[in-house]
Amino acid sequence: MMRYIFIVFIFLLLFSCENPKAKNKKEELSQQKLENDVLFGQYSLEERNSRAEAKLVEALDFCSKKGYSTSYCFLIDLGVHSGLNRFYVYNLDDKKLIKKGSVSHGCGKLPWGRCFSKDDAEFSNESNSHLSSLGKYRVGARYASQWGIKVGYLLYGLESTNSNALKREVVLHSWDVIIDEEVPRGTPEGWGCPAVSNAFMTGLDEDLKAIKKPVLMWIFN
């Protein structure tokens, strides 16, 4: 009888003492959930979608007049936190959101590849500024990139705010460090290119190869 009681006691003792690693993991997940709740509460899905949708009429008008594709368009909202999905692919004909994903912005004078200016990105059209440029772009030729899935697309700036894009080598490409999940820590910053995850770029590449008309990319804040 005493042996049985002893075994039960040891069993209860083991289950009452939480493994330190498990406890730390639980606390880490709890902190992450808290950060996510704060982030997603500050930038609600409705608000983010409405910011992009506000550009659809102007984007459709531009594409229709210039002979661009109206079934495929990129809208990039750099006015929200970089850890959120802010690269939107739209069908302008029926105002339908096709897909969305994370995208980087320029680091400026900050260290390359770090997460700093998550929701206060700076912009420039100057060479060596390492900053993103606002405005409308034409997505140009496909080429062999050194980044991500090794596929990139040239970008032609169509406004005074991004006219130096080609000279600055600001291009659309993927980057191994960018993930598909939305995260409070933000997306790593590059030198001004709108870089996306490998998976997202794979999808964009498949679509762009099938599109016969020029495609509009519009970066706004």
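How would you order 128-137, 65-74, 191-200, 209-218 from highest to lowest mean count of nearby Cβ atoms within 10 Å?
191-200, 128-137, 65-74, 209-218
From the phi of every residue in the stretch 189-194, what ³J(HN,Hα) in whole Hz does the Karplus formula 6.51 cos²θ - 1.76 cosθ + 1.60 yield, where θ is phi - 60° and glycine or proline is x?
The phi angles translate into 9, x, 9, x, 6, x Hz.
Could you look at the stretch 121-221 and say what percent of its accessible area is carbon and sulfur, using a 1.4 Å probe and all protein chains? Write out the running numbers ahead of the final one.
On the way: 2310 of 4660 Å².
Result for the stretch 121-221: 50 percent of the exposed heavy-atom area is carbon or sulfur.
In percent, what relative contact order does the stretch 69-221 have, based on Cα pairs under 8 Å that are 6 or more apart in sequence?
The value is 31 percent.
Could you give me the ³J(HN,Hα) list for the stretch 54-71, computed from phi with Karplus coefficients 6.51, -1.76, 1.60 and θ = phi - 60°, whole Hz, x at Gly and Pro?
Using θ = phi - 60°, the values come out as 5, 8, 5, 4, 5, 5, 5, 4, 4, 5, 5, 6, 9, x, 7, 5, 9, 9 Hz.
With every protein chain present, what is the per residue accessible area of the stretch 88-221 (1.4 Å probe, Å²)? If you can, show how the numbers build up before the last one.
Details: 6430 Å² over 134 residues.
Spelled out: the 1.4 Å probe surface of the stretch 88-221, per residue, equals 48 Å².
Using every Cα-Cα pair within the stretch 65-221, state what percent have a distance larger than 28 Å.
Tail fraction, whole percent: 11.
What ³J(HN,Hα) values, in whole Hz, does the Karplus curve 6.51 cos²θ - 1.76 cosθ + 1.60 give for the stretch 83-91 when θ = phi - 60°, with x put for Gly and Pro?
Per residue, the Karplus-derived 3J(HN,Hα) values read x, 9, 5, 9, 9, 10, 10, 10, 9 Hz.
Remind me, relative contact order of the stretch 83-165 in percent, using alpha carbon pairs under 8 angstrom and six or more residues apart?
For the stretch 83-165, the relative contact order is 20 percent.
In what sequence, highest mean first, do 49-58, 98-107 appear when ranked by Cβ atoms within 10 angstrom? Let's see the in-between values first.
Numbers: 49-58: 14.8, 98-107: 21.9.
Ranked by mean Cβ neighbours within 10 Å, highest first: 98-107, 49-58.
Counting alpha carbon pairs within less than 8 Å and at least 6 residues apart, what relative contact order, in whole percent, applies to the stretch 152-221? Display every interim value, and only then the final one.
Numbers: 64 pairs, mean separation 18.1, N = 70.
Relative contact order for the stretch 152-221 comes out at 26 percent.
The values are calculated or read from the model by the stated rules, or taken from the named source; none is laboratory data. Predicted model only: the values in this text are computed from it and were never measured. Here the Cβ is made from the backbone with ideal geometry for all residues, glycine too, and neighbour counts use every protein chain on show. Note: accessible area is taken over every heavy atom of the protein model, side chains too, but ligands, DNA and RNA are not part of it. Shrake-Rupley method; radii C 1.70, N 1.55, O 1.52, S 1.80 Å.
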